[in-house]
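Take a look at the structure below.
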Amino acid sequence: MSQPMSQAMPAPAPVTEQMISARIERLPIGWWYRRMMLIVGTAGFFDAFDALTIAFVAPVLIGLWHITPPQIGALVGIGYAGQLIGAIGFSSLAERFGRCGVLQWTIAIIGVFSIACAFAGSYGALFWLRFAQGLGLGAEVPIAATYMNEFTRHELRGRMVALFQSIFAFGVMATALVAMFAVPRLGWQSMFVIGAAPALLALVLRRLVPESPRWLAARGRLAEADATLADIEAIAGREGPLPPLPTDVPPIVKHSASWLDLFRGGFLTRTLTAWAMAFATSIVGYGLLVWLPTIYRNVYHLPIEQNLRYSFVSYFVGLFGSLSGVFLIDRFGRRPCYMVSFFGAALPLLLLAWLGRSGPAPVETVVWIASIALFFMSIILASIYVYLPEIYPTPIRALGAGTASAWLRFASIVGPGIVGAILAGSGVAVVFLFFALVGLAGGAVVFLFAIETRGKILEEIAQ
C-alpha cells in the first residue's frame, strides 16, 4: 500500500529592510494615502494659520499697544526663535521615538499655546507665548514632510509631497480670508482662538495614522513594519490588485542617527546646500508673507480692511504658484523648478526697488508686482520639503530636514529685524532690493550645488 505524500507548505519569505522598501514602492496612491494626507495635512494647514496669524494681528497691535516696526520685527522673530529650537530638538526626537508620536506632541503645543496667546494682555506676554508656540510650529513641518516622503513611491514623490505642502498655501490664503472677517469684527484675539484647533487633532492622531514603516525598519523593528504594511496592503488591495514587488530596490539603511552623519562624505555638500536654500527661501518667501501687511500699514497708511484685502490678493496669487510647483516638480525636476522660483521672484522685486528709488511706488503697483514675486517664491515655499528630507537616508532623514528647517527659522529670526531696520531707516525700496539680492543668491546656490532627485527611490538617493 502506497504511503500518502505529504506536501509541506513553503516557509514565508523572511522580512528584510529591502522587502519593506520594495513593498512601500509598489503601494498605489489610493484611499489609504489620501486619508493620511488629509489628516497630516490638517496639521500643516493650521501650522500656516498660526505662523501667519501674527502678520494680520500686527497692524492692529501697532495702534493698540503703540508698537514700532523694530518691535514688530522682534515679535515675529521670537516666534521663529522657538521654531528654530523646535525644528532641531523635536526632529532629533523623531529619529529616536518615531514620526507619529513626536508629530502628535508638536501639534498639541501649537494648539495649547494658540489659546494662551489669545489671552495675552501685553506685548511682553505675547512675545514669550509666541516663542513657546514656535517650538511646535518649527517641528511640525519637517517631521510631517519626512513622514509623507517615507510613504510615497518614487515616481510620484515630488508631486504628492508638493501637493501635501501646498496645503500650507491654502492655510495662508485661509488665514488672510478669515482675518478679513474676524479681526475687524471679533478682535485680534479671535485669530488665536481659531488657531487652537490642532489641539483636538493631537488627541486622536496616533489612532488615525500609522507609524512610518521605513523608520520602523531602520530601527530594526521589522515585525512592526511588516504588520503596518500588511494593514495598508489589505486596504489598498480592496481597490485593485497590487503590482508585483520591484526587484531593484536598495535596502533601507539601518544604523543609529548621529549629528556627524550630516557632514560625512557627500552629505557635507548636501547639508550646506540645503541650509543655504532654506535660508534664502525664508528671507524672501516668508519675508513677503509677513511684511506685506505691515508695509501697507506703515508706508501707505491703509485702513485695516483695505490692508487685509490687498494682502489677500498676494496670498491668493501665491496659491497658484504653489499649485504650479505640484505639476512641474516631477516633470522638470527639483533643480529647474527651484531656480525658476528664486530667479523669477528676484526680477519683479528688482523692478519694485527701481520704481521706488525716488519715493514709494503706487500701492496698487506694489500689490500686483509683489504678487508676481510671491507667485514664483511659492513654488519653492510649497515644495522645499520635498527636497530637504529626500536627500538623506532614513536614520537621519528627520534630523537632516529638521536642521535645514532650523536655518529657515534662523533666517526668519534675523530677517524681520533686518527688514524692520531697513524699513525704518532706508525705506521700502531698499527692502525689496534686499529680498531680490537674497533671491538671486538662492538661485545661484541651486544652480551650482543642488543635486537632482526626480524619479529616484529614497534609498537610491541615500547611497
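Structure values in brief
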{"item": "Relative intensity, log₁₀ I(q)/I(0), of the stretch 173-219 from a Debye sum that treats every alpha carbon as a point, q = 0.15, 0.19, 0.24 Å⁻¹", "result": "-0.59, -0.70, -0.85"}
{"item": "Solvent accessible area, Å² - GLU224, 1.4 Å probe, full protein context", "result": "80"}
{"item": "List LEU52, LEU433, ordered by accessible area with a 1.4 Å probe, largest first", "result": "LEU433, LEU52"}
{"item": "Values of log10 I(q)/I(0), in the order q = 0.16, 0.24, 0.26 Å⁻¹, for the stretch 25-99 under a Debye, Cα-only, solvent-free model", "result": "-0.80, -1.11, -1.16"}
{"item": "Size of charge dipole - the stretch 117-242 - debye, nearest 20, with Cβ of Lys, Arg +1 and Asp, Glu -1, no other charges", "result": "300"}
{"item": "Cβ crowding within 10 Å averaged over residues, with 229-240, 15-26 ranked highest first", "result": "15-26, 229-240"}
{"item": "Label zone at GLN306 (point 7 Å along Cα-to-Cβ), backbone N below 14 Å, the stretch 345-386", "result": "362-367"}
{"item": "Where labels lie 7 Å past Cα in the beta-carbon direction, separation of LEU156 and VAL363 in nm", "result": "4.6"}
{"item": "Rg ratio (alpha-carbon, reference 2.2 N^0.38 Å) - the chain", "result": "1.02"}
{"item": "Accessible-area value, SER426, 1.4 Å probe, nucleic acids and ligands omitted, Å²", "result": "80"}
{"item": "Between helix 222-237 and the chain: long-axis angle, C-alpha atoms, 0 to 90°, nearest 10", "result": "80"}
{"item": "Rounded to 10°, Cα long-axis angle of helix 363-381 versus longest principal axis of the chain", "result": "20"}
{"item": "Spacing of the two label points (7 Å from each Cα toward its C-beta) at LEU272 and PHE119, in nm", "result": "4.9"}
{"item": "Residue order for TYR315, TYR310 - accessible surface, 1.4 angstrom probe, largest first", "result": "TYR310, TYR315"}
{"item": "Convex hull per residue volume in Å³, alpha carbons only, for the stretch 368-463", "result": "104"}
{"item": "Kirkwood Rh, angstrom, the stretch 396-438 [1 / mean 1/r, Cα pairs]", "result": "11.6"}
{"item": "Helix axis angle, 287-298 relative to the chain longest principal axis, alpha carbon, degrees", "result": "20"}
{"item": "Directionally averaged shadow of the stretch 174-279, computed from the convex hull of its alpha-carbon atoms, nm²", "result": "12.5"}
{"item": "Whole-Å distance, taken between Cα centres, linking the stretch 388-463 and the stretch 131-189", "result": "17"}
{"item": "Largest-first ordering by accessible area, 1.4 Å probe, given options GLU211, GLU305, GLU150, GLU452", "result": "GLU305, GLU452, GLU211, GLU150"}
{"item": "Area of ARG335 that stays accessible when all protein chains are in place (1.4 Å probe, Å², to 10)", "result": "60"}
{"item": "Where N is the number of residues in the stretch 87-161, Cα Rg divided by 2.2 N^0.38 Å", "result": "1.33"}
{"item": "Residues in the stretch 76-91 reached by a label modelled at ALA424 [backbone nitrogen below 20 Å; 7 Å Cα→Cβ]", "result": "76-81"}
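The values are calculated or read from the model by the stated rules, or taken from the named source; none is laboratory data. If you're wondering where the values come from, they're calculated on a predicted model, not measured in any experiment. Because the Cβ atoms are built from the backbone with ideal geometry, glycine has one as well, and the counts that use them run over all protein chains shown. Keep in mind that these areas ignore ligands, DNA and RNA; they rest on the heavy atoms of the full protein, side chains included. Shrake-Rupley method; radii C 1.70, N 1.55, O 1.52, S 1.80 Å.
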